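For reference, the structure discussed in these notes is given below.
Please treat every number below as a calculation from the coordinates, not as lab data. In this text the structure is predicted, and so the values were computed from the model without any measurement. Here Cβ is always computed from backbone atoms with ideal geometry, including for glycine, and neighbour counts include all displayed protein chains.
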Amino acid sequence: MSLVLEVEDLTVEFRLPEGILRAPDGISFSVGEREVLGIVGESGSGKSVTALSLMGLIPSPPGKVKAAKMEFLGKNLLKEAEKIRGKKISMVFQNPLNSLNPSMKIGAQLVEVLVNHMNMTKPEAKEKSIEIMKNLGIPSPENLMNRYPFEYSGGMRQRIMIAMAMLCNPKLLIADEPTTALDVTIQSQILYLFRELKKEFETSLIFITHDLGVIAQIADRVMVMYAGKQVENASVEDIFRNPKHPYTFGLLDSVPKLIPEKRKERLLSIKGNVPGLLEPPTGCRFHPRCSKAMKICSEKEPPAFSVGSSTVWCWLYGREVANNEVAGN
Amino acid sequence: MKLLEIRNLTKRFPIEDSIFGKPVKFLKAVDDVSFEVDKGGVFSLVGESGSGKSTIARLICGAYHATSGEILYKGNPIGRTKTDYRNIQMIFQDPDASLNPRKNVFSIIEEGLRIHRLGSMRERREKVLTILDSVGLDRSTIKKFPHELSGGQKQRVSVARSLILQPELLVLDEPTSALDVSVQAQMLNLLGDLQKEFSLTYVFITHDLKIVSQISDHVAVLYLGNIMEIGPVDQIIDSPLHPYTQGLLESVPQPDPSKKATNEILRGEIPSPVNPPKGCPFITRCPKAFEACTIKPELKLVGDRRVRCHLYDTGGNSDA
């Protein structure tokens, strides 16, 4: 499978009056053609900042994006993000009401994209917008062009945002918690739409969410993030059948289940809270909350270990290396 | 024993006035809802946005007055005894909005005692410290302000505040929705422990069926202010009868990649409560709708539960 996006050692640094905050901090990942990469993590894990840095949307100052490699189809995203975003990479945000212009008709907002990026004339752009919305199963798109965002429900607005993101036929679509603000029945409709879209447009997708159920439904591969670091990269089957990192374990156990056997049973929760990123814990950032923490975990940051087809950043899978480190010291 | 009985509760909000200021158009947020909550039980109200679940919570706590119907607390109309509203406390979804940012944790939690003039200053302080222990907060939290706490800690303060008056009934309106997954699990465990420790009764409002399954004994599924299905949680979650309950359950994304949903489950969206559909409220989205559905079905007893659906008109013999 050829790669659409390759990221190595990505760090986004924010210089704040209180100190320097890094999230994400040295993460590496790639997205293949027509692949769905799920990024899962709790608030403050750096998943949204990762997405924004790919789009070149980190405000500078205070932010600064650094990476050993950030390549999209052979182009350096660190330098050319402004030219690429919107056309070859597009993004769907969590709250569609904040991302649509409330005082512009929906049609005008859609047409604007095509006129600016594809040099189309207005009538051409209008025709193309209607065609895309038809492909996405949006009811009566002709009528919708002349209306304002407030006239539509949250689910419908999110569909419009997705249509807008697909207008230029991007190679990569980044969706940041696109279903979090929606009701469950609407969420399942939007997830269905994303799955259809993958078939229709041959687009790669980065899907960011905190909901493990959603990840299982949509992703091919998963990156689990915690406090700015990646802790596990694996296929979606491995994440759910055969999780390796204690944090992934904990996250899976924290979700209440619908099955009768587990009903009313205490949930196996992770103790403590997500740490602040200005003064992250030493060594492995998860060690203060980890039930399997060893001595080395608080002292040295774990490197990437390959276990089967997964990559895990945890000393449990590098005992030999860990022992040598301790002996060497 | 029945702690709380809701009988034919209806709440309408005026949304349009005539030129003389008389309301002419109403939004029916809660439509003829009846249910009972056993002492020591956990009763869940589940539904999508606009289903009227939060309105019912506010009616129970006396924040709204019912348009018609009754709420009985221990057999008497609620509010008749002075201590009723001390015995019923509410916990809200967003602790940022429900905790006063200018008060420290001590005065937030102590306020109820002060208002009801309970105990001396020293006794109240002692009580606040004990309650902090029960909700798993460090005693040093007492001097902190809400902005110094994490989301989970803030929600623990809300719980402590509601418990300080030793209530019998807690009304919880989406208490875990604003929290991260790992913190949500801690919160659900804490609520379960507190319920046993203080023999509390919960009315639990949520949109998340996974939480309903985790915490409750009985559940009512709401749609456009109507109860669609109500009964013991084991029956409703494991073998839902109403097409809406079925759709709602199927819509929950399963944390299992082999169970990927392949088709669209429920089409369309919840209609506006300003213009509810005629007949069955669910008629616009129901995959099983037929001619009879243009007349609104009654809640009918099927086994241990009640269902509002014409499919079960013959007393549950219909094939679902």
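Values computed for the structure shown
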read-out	value
GNM top mover of A:V115, A:V49, A:V36 - chain A, alpha-carbon springs below 10 Å	A:V115
Over chain B: helical MRE at 222 nm, DSSP H runs n ≥ 4 each giving -39500 (n - 2.57), nearest 500	-8500 deg cm²/dmol
A:D253 versus B:K259: modelled label distance in nm, points set 7 Å from Cα along the beta carbon direction	2.0
Mean residue ellipticity (222 nm) of chain A, computed from DSSP H runs ≥ 4 via -39,500 (n - 2.57), nearest 500	-10000 deg cm²/dmol
Segment B:188-225-segment A:1-63 distance, computed between alpha-carbon centres (Å)	37
Segment B:228-264 versus segment B:1-79: alpha-carbon centroid distance in Å	26
Averaged over B:245-256, number of beta-carbon atoms from partner chains that fall within 10 Å	6
Inter-chain Cβ neighbour average for residues A:175-183, partner chain, 10 Å	2
Chain B, relative contact order [Cα under 8 Å, separation at least 6], %	19
Out-of-range pairs (alpha-carbon distance over 21 Å; input A:K271/B:K260; A:K47/A:K69; A:K64/A:K229)	A:K271/B:K260
Separation of the A:S140 and B:K2 label points, Cα + 7 Å toward Cβ, nm	4.6
Antiparallel bridges, percent of DSSP beta bridges restricted to the protein assembly as shown (to nearest 5)	60
Förster-model FRET efficiency, 35 Å R0, A:A304 and B:D138, C-beta, rounded to 0.05	0.45
Estimated inter-spin distance, B:T83 and B:R114, nm [label 7 Å along Cα→Cβ]	2.4
Dipole of the protein assembly as shown, positive direction: furthest Cα of A:M118, B:Y73, A:I89, with charges on the beta-carbon	B:Y73
By average C-beta atoms within 10 angstrom, highest first, the peptides B:85-98, A:164-177	A:164-177, B:85-98
Residue mean of other protein chain beta carbons inside 10 Å, B:264-270	6
Share, in percent, of DSSP beta bridges within chain A that are antiparallel, nearest 5	60
Per-peptide average of other Cβ atoms within 10 Å, ordering B:121-133, A:80-92, B:149-161 highest first	B:149-161, A:80-92, B:121-133
Whole-number percent relative contact order across chain A, with pairs defined as alpha carbons under 8 Å at least 6 apart	20
